[in-house]
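Okay, structure first, notes after.
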Amino acid sequence: MIEIKNLRKFYGNLEVLKGIDLQIEKGKIFGLVGRSGTGKSTLLRCINGLEKYNEGSLYVGDVDVKNLSEKELRSFRKDIGMIFQHFSLLERLTVYENIALPLRCWNYDKSFIDKRVRELLEVIDIPDKTNSKPRELSGGQKQRVAIARALAMEPKILLCDEATSALDPKSTKSIISLLNKINKDLGITMVIVTHEMHVLRSICEEIAIIEDGRIEAVGSVEKVFLNQPPALKNLVGQKEIALPETGINIEMFYSQDNASQPIITKMARKLNIDCIILGGEMESYKNSPLGSIIINIPNDGFNNVKKYLDEKNVIWKYFELDEEFLGEEEIC
């Protein structure tokens, strides 16, 4: 669906995208993740032609966006919906009129517009707000209207630029649920730019972590989490944990394959070993549980623990606090 090769983008002498290579399959919910200023929003705007790139290629289907004329770009964008952080609704228009705006710009028949808008009001579940103005809506309701407007032309791709950053947690959860439903029911490919880890966990199937204009990690959410690349650590930081002065500290990673298994208690009984649980967390990524637990074990029990975990195919690593990340807060 979207294929990007060696894409480079400059603002004057400043290179903001430094050789991006990426493939996004049809129907996927793909996350572009990174700290502010890494180039993820610029890459998103290159996909729909709002930004011109200087080198490389960016194909949407069989179309190289760079080669499109202004007239061709206008037609091309009919297949790409866009959702923004701050909704971008017209305050003078009602909910109905905001959703209808793209259809009216393309001179669709009035009866078709009415039918389409009322369908979308049902999709976003606020049919009672048809005649309301944006100032009368909550943040979550405004974003629902923006989503309906983005869907008005029946796009094949939906681009979301920090679509939940301006919302409270409850509204964020409802918007994520709505986007998941739209993807499931309509099969629309979604590309979601975010720096919020809870958004990534709740909706994305695959992600690319961008640092300083480069993709430093890419793959399924589970694969990236279990591989623990440096880019992920840079993104989420490291929580401070009080480590014992003796013993060996290891971090064990849990996926959907072993999240429900009592690995630690079984290991302690089988090996007749005491261990201290220092910290950890389990969270749901899309529909898969992922997490890790940090334990401390005696030095003389390490070889047996290593053998046991390897035999059970448990992914683990030595755990040491990195002074560079101490004191940093997790982005989410």
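Suppose the filter is surrounded by fewer than 20 Cβ atoms within 10 Å (Cβ to Cβ) and in contact with a Ser or Thr (Cβ under 9 Å, 6 or more places away or on another chain); does D185 pass it? So D185 fails the test.
Looking across segment 120-156, just one residue is surrounded by 15 or more Cβ atoms within 10 Å (Cβ to Cβ) and of a type in the set (S, T, Y), and that is S132. If you go through segment 1-33 and pick out every residue that is touching a residue at least 60 places away in the same chain (Cβ under 8 Å), in contact with an Asp or Glu (Cβ under 6 Å, 6 or more places away or on another chain) and not hydrophobic (A, V, I, L, M, F, W, C), you end up with 1. Can you name the residue in segment 63-87 that is aliphatic (A, V, I, L, M) and more than 17 Å from the chain's Cα centre (by Cα) and, of all such residues, is surrounded by the most Cβ atoms within 10 Å (Cβ to Cβ)? The qualifying residue surrounded by the most Cβ atoms within 10 Å (Cβ to Cβ) is V65.
If you check K312, K317, K307, which single one turns out to be among the basic types (K, R) and touching a strand residue (DSSP E or B) at 6+ places or on another chain (Cβ under 9 Å)? Break it down stepwise before answering.
Details: K312 fails: touching a strand residue (DSSP E or B) at 6+ places or on another chain (Cβ under 9 Å); K307 fails: touching a strand residue (DSSP E or B) at 6+ places or on another chain (Cβ under 9 Å).
On inspection, the qualifying residue turns out to be K317.
Suppose we filter segment 117-137 for residues that are of a type in the set (S, T, N, Q) and touching a Leu at 6+ places or on another chain (Cβ under 9 Å); how many remain?
Number of matching residues: 1.
With respect to the stated conditions, S132 fails to be small (G, A, S) and farther than 16 Å from L89 by Cβ. Starting from residues that are more than 17 Å from the chain's Cα centre (by Cα) and modelled with pLDDT of 85 or more, keep the ones in segment 230-249 and report whichever is surrounded by the fewest Cβ atoms within 10 Å (Cβ to Cβ). Per the stated criteria, the residue is E245. List the residue pairs whose Cβ atoms are under 6 Å apart, where the first residue sits in segment 225-238 and is more than 21 Å from K286 (Cα to Cα), the second is not in a helix (DSSP H, G or I), and the two are 6 or more positions apart or on different chains. Once the first residue is more than 21 Å from K286 (Cα to Cα) and sits in segment 225-238, its partners that are not in a helix (DSSP H, G or I) give G237/F325; G237/E328; G237/E330; Q238/D322; Q238/F325.
Against the condition in a loop (DSSP other than H, G, I, E, B), in contact with a Leu (Cβ under 6 Å, 6 or more places away or on another chain) and not hydrophobic (A, V, I, L, M, F, W, C), how does Y108 come out, does it pass? Quick ask: steps written out before the conclusion?
Working: in a loop (DSSP other than H, G, I, E, B): yes; in contact with a Leu (Cβ under 6 Å, 6 or more places away or on another chain): no; not hydrophobic (A, V, I, L, M, F, W, C): yes.
Spelling it out, it is not the case that Y108 is in a loop (DSSP other than H, G, I, E, B), in contact with a Leu (Cβ under 6 Å, 6 or more places away or on another chain) and not hydrophobic (A, V, I, L, M, F, W, C).
For segment 162-195, the set of residues classified as more than 22 Å from I2 (Cβ to Cβ), touching a residue at least 60 places away in the same chain (Cβ under 8 Å) and out of contact with any helix residue (DSSP H, G or I) (no Cβ under 7 Å at 6 or more places or on another chain) consists of S165 only. Within this structure, E245 passes the test of being without any contact (Cβ under 8 Å) to a residue 60 or more places away in the chain and either of a type outside the set (K, R) or not assigned by TED's automatic domain parsing to the domain that holds I192 (or both).
Among residues belonging to segment 207-229 that are of a type in the set (S, T, N, Q) and over 16 Å from the mean Cα position of the chain (by Cα), point out the one that is surrounded by the most Cβ atoms within 10 Å (Cβ to Cβ). Before you say what the answer is, go through the steps one by one.
Step one: of segment 207-229, the residues of a type in the set (S, T, N, Q) are 220, 227-228.
Pick out the ones that are also over 16 Å from the mean Cα position of the chain (by Cα) and you get 227-228.
Numbers: N227: 12, Q228: 15.
Once the filter is applied, the top-ranked residue is Q228.
Examine segment 83-91 for a residue that is in a loop (DSSP other than H, G, I, E, B) and in contact with a Ser or Thr (Cβ under 7 Å, 6 or more places away or on another chain), and state whether such a residue exists. Yes, some residue in segment 83-91 is in a loop (DSSP other than H, G, I, E, B) and in contact with a Ser or Thr (Cβ under 7 Å, 6 or more places away or on another chain). Contact map, segment 40-53: first residue touching a residue at least 24 places away in the same chain (Cβ under 8 Å), second residue aromatic (F, W, Y) and part of a helix (DSSP H, G or I), Cβ cut-off under 7 Å, separation 6 or more or different chains; pairs are G49/F76.
The requirement of being in the same structural domain as R201 (by TED's automatic domain parsing), basic (K, R) and touching a strand residue (DSSP E or B) at 6+ places or on another chain (Cβ under 6 Å) is not satisfied by K71.
The values are calculated or read from the model by the stated rules, or taken from the named source; none is laboratory data. Note that the structure is predicted; figures quoted are calculated from it, not measured. Ideal geometry is used to build each Cβ from the backbone, glycine not excepted, and the neighbour counts take in all protein chains shown.
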